[in-house]
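The values are calculated or read from the model by the stated rules, or taken from the named source; none is laboratory data. Remember, it's a predicted structure, so these values are computed and weren't measured experimentally. Neighbour counts run over all protein chains shown; Cβ positions are idealised from the backbone, glycine included.
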Amino acid sequence: MARYEHLSREELIRLLEARDRRDATRFGLVWEANEVERERALNRDFVALDLAPELGVGPGPWENLIIEGDNFDALRALRLAYAGRVQCIYIDPPYNTGNRDFVYNDRFVDREDLWRHSTWVEFMYQRLSLARDLLAPGGAIFVSIDDNEVFALGMLLHKVFGEGAHVATCVWQKRYSRENRGAIGDAHEYLLVYAPQPELFKQRRGRIPLSEDQAKVYKNPNGDPRGRWRGIPMTAQGYRPNQMYDVVTPSGVVHKPPEGRCWSTVETEFRKLLEAGRISFGKSGDSQPAIIRYLDEVDGLVPWTWWPHEEVGHTDEARKEIQTIFGTQTAFDTPKPVRLIERVLHIAAPGADDLVLDFFAGSGTTAHAVLKLNAEDGGRRRFILVSSTEATADQPEKNLCRDVCATRVRKVIEGYGEAPGLSGDFAYLRCRRLPAGALIDIEHAEVWTALQLLHRGRIEPWRTAPFLWAGDEQDGVLYVPRFRREDLPALREQVRRSTAVVLYSWQPGVLRELIPDTHVQHEAVPESLARHFRLGT
Ligand SMILES: C[S@@+](CC[C@H](N)C(=O)[O-])C[C@H]1O[C@@H](n2cnc3c(N)ncnc32)[C@H](O)[C@@H]1O
């Protein structure tokens, strides 16, 4: 290879010895990180978020965010405010098919790229490492992938989250018709699931609601006012003396436990169930006892790794969803079905207020699924989506985030075609890189957005004012963009209304002297932002 031709024999030997020392003793994924061009921005710059109110939905304050930009930038900006706060991360990254499906440092990576796999691994490594910091205790990340990189991705996730964090490798049946092009037809993809604290995740994770097919065993032949039910046979394996009593039906038939079994409950418990009307003796009234279980008592199914298309949809369904929303399937090439993401949410975002992040958002399916699930179960789950513009030198005007992702989410909120609006809102933000040395040039609106996200987890529309306040009687955050003496009485009045206040300003020394109250913590801008951002680390 041309890159080694200029080296002398001694230099080549030294290089090989260094490689032997480095690579010989490790188990795990090794990639040519040094050969791959490093992420250009690697924390030598700060990322500000610019609010574009005209592209959002609703008057604010907003908790749902759609962020336009490279997700490496967006994740660094989000780490400032969301470290340890996200319950569910779902991502569907480019699969590295060789068909120019991902951009690294503003350049498409294709089949001809010598370091194609290493570049993809390095690209994912940087993003997954940032994402790990955002997960809440008990949170989990689900990553979609196909055969192209599944092995590399599994090893990489082991490296980033630890081997013990692996929860499951789920199989999604993406096709319903046969695929005959390859030697063996391709019918599925994977979702790799990792949770940094798997035990905590297990306690928190939700169950899967029964489908109508699974629920059809619940019937209501006797018109029970409590609704559909099924009888669970009241027997258990083995012999337990206090579970071997006689059961007499209303028609006088006497039942004993079947051969090799006992009743599943002791007699006192059985009597209580009988009195409560929770025992069925079948249509005839003289069959063996069964415990009545109502459909509304069923918590759902414990999730498993097999996700068939009948339950979670297939690629064709996803394309039809795009067609219905945009009137054409060409609006977006690789969407996932809403039902697939809903399955992820049932498992990893069962809490009514859970926060869901997708930083390869594409057409915005994840927000669609969050809004749909909220509409179904009355939840208030929030979403943060990150999408690139996909603009290139050939298509400089392309803006996937604005024209597909945000447009779709807007339509889902407001309604489209036959589909009624699901209600909801979002703020639209753009990433803006500021070189570390130029942090002084940060806009006041950008400071205020960052501070609100950091302290309140929501953003109000920007307005020009002597100072900006967000909070309540307990605590709040204040930002003084440019201090003027005449604003001091109003400022003093504002800080008195809360028990704890963090006051950000460009002149913290002056303000500390003028407002020395012990419940006010003075912070300097932009230094405090750089610290929260972990600039330079
Ligand atoms: C497979 S698609 C995701 C599809 C999505 N799950 C859906 O249902 O619509 C991957 C997306 O990641 C985006 N992407 C690739 N590199 C990115 C980056 N560095 N930052 C942000 N988005 C990126 C691509 O533009 C593409 O839209």
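Data for the structure
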item	result
Unmet requirement for Val109, which otherwise passes all of (1) among the β-branched types (Val, Ile, Thr); (2) touching a Leu at 6+ places or on another chain (Cβ under 9 Å); (3) within 13 Å of the ligand (Cβ to nearest atom)	(2)
Cβ-Cβ under 6 Å pairs, at least 6 apart or on other chains, the range 338-365 side in the same structural domain as Pro93 (by TED's automatic domain parsing) and on the phi > 0 side of the Ramachandran plot, far side among the aliphatic types (A, V, I, L, M) and assigned to a helix (DSSP H, G or I)	Gly364/Val409
Residue tally, condition touching a strand residue (DSSP E or B) at 6+ places or on another chain (Cβ under 8 Å) and crowded, with 19+ Cβ neighbours inside 10 Å, over the range 133-158	13
Pairs where the first residue, in the range 103-127, is touching a residue at least 12 places away in the same chain (Cβ under 8 Å) and the second is of a type in the set (Lys, Arg) and in a helix (DSSP H, G or I), C-beta under 7 Å, 6+ apart	Val109/Arg116
Residue satisfying all of: in the range 59-87; polar (S, T, N, Q) and away from the ligand (no atom under 15 Å from the Cβ); farthest from Phe161 (Cα to Cα) among these	Asn64
Single match in Leu488, Leu451 (criterion: modelled with pLDDT of 95 or more, within 17 Å of Asp517 (Cβ to Cβ) and part of a helix (DSSP H, G or I))	Leu488
Condition broken by Ser284, with the remaining ones in (1) outside any loop (DSSP other than H, G, I, E, B); (2) at pLDDT below 95; (3) not aliphatic (A, V, I, L, M) satisfied	(1)
Evaluation of Trp462 against (1) without any contact (Cβ under 8 Å) to a residue 24 or more places away in the chain; (2) part of a loop (DSSP other than H, G, I, E, B) (one fails), failing number	(1)
Checklist (1) over 21 Å from Tyr218 (Cα atoms); (2) in a strand (DSSP E or B); (3) charged (D, E, K, R) applied to Arg271, failing item	(2)
Long-range neighbours under 6 Å by Cβ, at least six apart or interchain, first residue of a type in the set (Ser, Thr, Tyr) within the range 268-287, second not in a loop (DSSP other than H, G, I, E, B)	Ser280/Gly231; Ser280/Ala290; Ser280/Ile292
Pairs with Cβ under 7 Å, 6+ apart, first in the range 428-451 and touching a residue at least 40 places away in the same chain (Cβ under 8 Å), second aromatic (Phe, Trp, Tyr) and surrounded by 14 or more Cβ atoms within 10 Å (Cβ to Cβ)	Leu434/Phe46; Ala436/Phe46; Leu439/Phe46; Ala445/Trp462; Val447/Tyr479; Leu451/Tyr479; Leu451/Tyr504
Single residue of Tyr90, Tyr95 found to be at pLDDT 95 or above and within 12 Å of the ligand (Cβ to nearest atom)	Tyr90
Any hit, the range 506-522, residues being touching a Pro at 6+ places or on another chain (Cβ under 8 Å) and either closer than 30 Å to Asp354 by Cβ or not in a helix (DSSP H, G or I) (or both)	yes
Residue within the range 298-306 that is within 16 Å of the ligand (Cβ to nearest atom) and either part of a loop (DSSP other than H, G, I, E, B) or not assigned by TED's automatic domain parsing to the domain that holds Phe426 (or both) present	no
Residue check for Lys272: within 16 Å of the ligand (Cβ to nearest atom) and modelled with pLDDT of 95 or more	no
Helices (runs of 4 or more DSSP H) contained in the range 316-417 and holding at least 1 residues more than 15 Å from the ligand (Cβ to nearest atom) and touching a strand residue (DSSP E or B) at 6+ places or on another chain (Cβ under 7 Å)	338-348, 407-414
Subset tally (residues that are of a type in the set (A, V, I, L, M) and either modelled with pLDDT under 95 or touching a Gly at 6+ places or on another chain (Cβ under 6 Å) (or both)) for the range 293-317	3
Count - residues of the range 85-143 that are in contact with a Phe, Trp or Tyr (Cβ under 8 Å, 6 or more places away or on another chain) and assigned to a loop (DSSP other than H, G, I, E, B)	6
